[in-house]
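Any read-out appearing in this document is the output of simple, stated calculations on the displayed coordinates, not a laboratory observation. Small disclaimer: the values here were computed from a predicted structure and weren't measured. Note that we place each Cβ from the backbone using ideal geometry, even for glycine, and neighbour counts take in every protein chain shown.
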Amino acid sequence: MRQSCSLSPHGFPTAQDALTRENNKLYPMESFSARHIWRWAVHLSLGVIKMKKPLLLLAGIMLFDNGQVLAQGKPPLPHYDWGACPFECCTYREWKANEVVVAYTDYKDGASVAFAIQKDEWVTAETGVVITTRAGITKILKPLKLGYQEGQTEPSLDAKPGDILYTLHYAGEGFDLFWFKGKKYTDQIASDEPTPTPPPPEFSAQVISRPVADWWVRVKNNKGQTGWIKNPPYFENADACA
């Protein structure tokens, strides 16, 4: 069974660095450190902080641990899956462009243009990263055994009714990469589209929403120039099964 790999290529910022920057900007409450939370708790107990409903604050404090929300086990976003090649038989190697494609200097929107790949031009697809900015939500309706981790041949997760799986991106062969209680798994979750509400009685899981993610690929042309292409259109030789 093919698994989605996660690599941190040399010369790139680590995923943790990116997460720290983005979380501080987009999710200031979730980026509180354990030290800040502890200080609030101590000040509250000593009467430094006066509140009419201190129990509500303490209940809220229990939701946080070292900057991560624990109540629902949500993944930190954006999520970077380095080295992922997210479709069936996807392979990083020599690719041939079927149309003109623009390569950028960085794996982010707004980056400047590095060069253009001409139709029928060959480039080397060196690696890639799938960046998830919004996780999908799948609700478990019936007891379900699912979830493969790297190297496993049998599913390892016993999901119970009411459990929430956070899908990160499509991983190929009908599989999704998903997050559950701090760990990542791959499996065939359900439909590619949200499930109707109420879901059919025979369904074991309900897809509430699908993830929002972009795939960036680092390519090198025959002049030695490197750049990044976003959600690349069809390239010949990208599919090892073709």
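The table that follows gives values for the structure above.
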read-out: Cut-off 11 Å (backbone N to label point 7 Å along Cα→Cβ of ILE208), residues of the range 121-165; value: 136-140, 162-165
read-out: Neighbourhood net charge (15 Å Cβ-Cβ; Lys/Arg +1, Asp/Glu -1) for GLY136; value: -2
read-out: Cut-off under 5 Å, modelled amide H: who pairs with ALA205 long-range; value: LEU141
read-out: Extended-chain gain in nm, criterion 0.36 nm per residue less alpha-carbon gap, GLN225 and ARG93; value: 45.9 nm
read-out: Computed FRET value (nearest 0.05) for GLU121 with LYS160, which takes r as the C-beta separation and R₀ as 51 Å; value: 0.50
